[in-house]
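Student: Structure below; questions to follow.
The values are calculated or read from the model by the stated rules, or taken from the named source; none is laboratory data. Since the structure is predicted, the reported quantities are computational estimates derived from the model, not experimental observations. Neighbour counts are summed over all protein chains in view; Cβ atoms, including those assigned to glycine, are modelled from backbone coordinates with ideal geometry. Heavy atoms of the whole protein, side chains included, go into the accessibility calculation; ligands, DNA and RNA do not. Shrake-Rupley method; radii C 1.70, N 1.55, O 1.52, S 1.80 Å.
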Amino acid sequence: MLLPQRPPAWPRVQHTGSLFTLLGAMALLCVLTYRSSNAQMLQGGNTGLVLPAPLSRLQVQLQRRISFLSHRTGFAIQLSFKRADGEFTVVGGNAADGRLLTADDTFLFGSGTKPITAVAVLDAISRGLLSESEPAAHAVDLGIRKLGSNQTLRSLFGQKADNITIGQLLRMQSGVADFDVVEFDRELLERGIATGPLEFVRAAAELEPPFSCNPGACTSYSSTNYVLAGLALLGIDDATDSWENLDQARALPKYSSLSYLNTGPLNRSLTTRGYHSEKNPEGARATGTATLLGGPLLGPLLGLGVQTVSDTVLPKLRTEIWEQDASVLGWTCGNGVGSTADMARFFWDLLVERSILPPDILESMKRTAVINKGWSEG
């Protein structure tokens, strides 16, 4: 069955190394934000508020597609749209307890958490606690010490780590290896619990080689960057010595559904199930949300190169993340949970209202570089 093509005004996805750090499939599925336009008003939307006629028509079209995709794949899907004159959420499938999904149900955002962590670091920069150009080692080492370890960034990764800056961590330009490899994932998920953030850093440091390039010499996707960014935040935080209590959302408005899960069973806080597979539909080494919400879902929805659902191969679902401990999420690189509506509001406030970060800091965040090495190169 052919699905409608992407409207001409919708941009193609390009993988970049901005501080938004490759939200990729998950963020696009969760969040569509557009500026306001004047239009005739109709009653509609999941909130019961009046929607402009174009938004109401868009809601109907998206609901039709989401319902089809959910029925075809068996996935629970939730998508939210926001602009100044209205917002809505469409859903398909079932929650973890078998009931029909609603706009209030919560999902794991995986790497969609990284922009929130980036905002926390940039907020610290705006307050003079960090700078993009400073070596990351000082703050990271302070964070490691709070974990009860005498290791340092240099002892883990070698002398080359002295040249890593805070800005390089945020832009995926430090060159540090990605802990997220099949062998590590398999062993971790068989256990169902991690010992803490340092386990992920050590896993990356033990890879051969521990760097994909010299710091600053390439843009290469590695979730290790955002665990190290979390350690830097912990290192400068006078309010806590515990990684479990780090306030990632310090700079954000209060979004009712968004939370950051560090320990404890995910099924106590999460209302939808999630799965892990070792390969995505294109055979890449990505895992988690990018694996499940890649070509088969976004391709038909946004026209990203896949036009039919029936011709795609869905990943083999190997491990039910819903039954794992939250520590397996990788802390500040992937521990975000919430509704897509609140994630849409976050991006609206950040990028359209520009109410979260100072203008100069936000402009720095928006500087991008195409990934030129490793996973999703080009």
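Student: Could you sort 114-126, 56-68, 211-223 so that the peptide with the highest average Cβ count within 10 Å comes first and the rest follow in order?
Tutor: 114-126, 211-223, 56-68
Student: How many angstrom lie between the Cα centre of segment 349-373 and the Cα centre of segment 127-147?
Tutor: So the separation of the two Cα centres works out to 21 Å.
Student: What order, most packed first, do the peptides 147-158, 331-342, 357-368 have when packing is the mean number of other Cβ atoms within 10 Å of each residue?
Tutor: 331-342, 147-158, 357-368
Student: Hey, can you find the accessible area per residue of segment 89-203 for me, probe 1.4 Å, expressed in square angstrom?
Tutor: Computed with neighbouring chains in place, this is 38 Å² per residue.
Student: What trypsin sites (Lys or Arg not before Pro) does segment 156-262 have in DSSP loop regions with at most 11 other beta carbons within 10 Å?
Tutor: Those that pass, being in a loop and sparsely packed, are Lys254.
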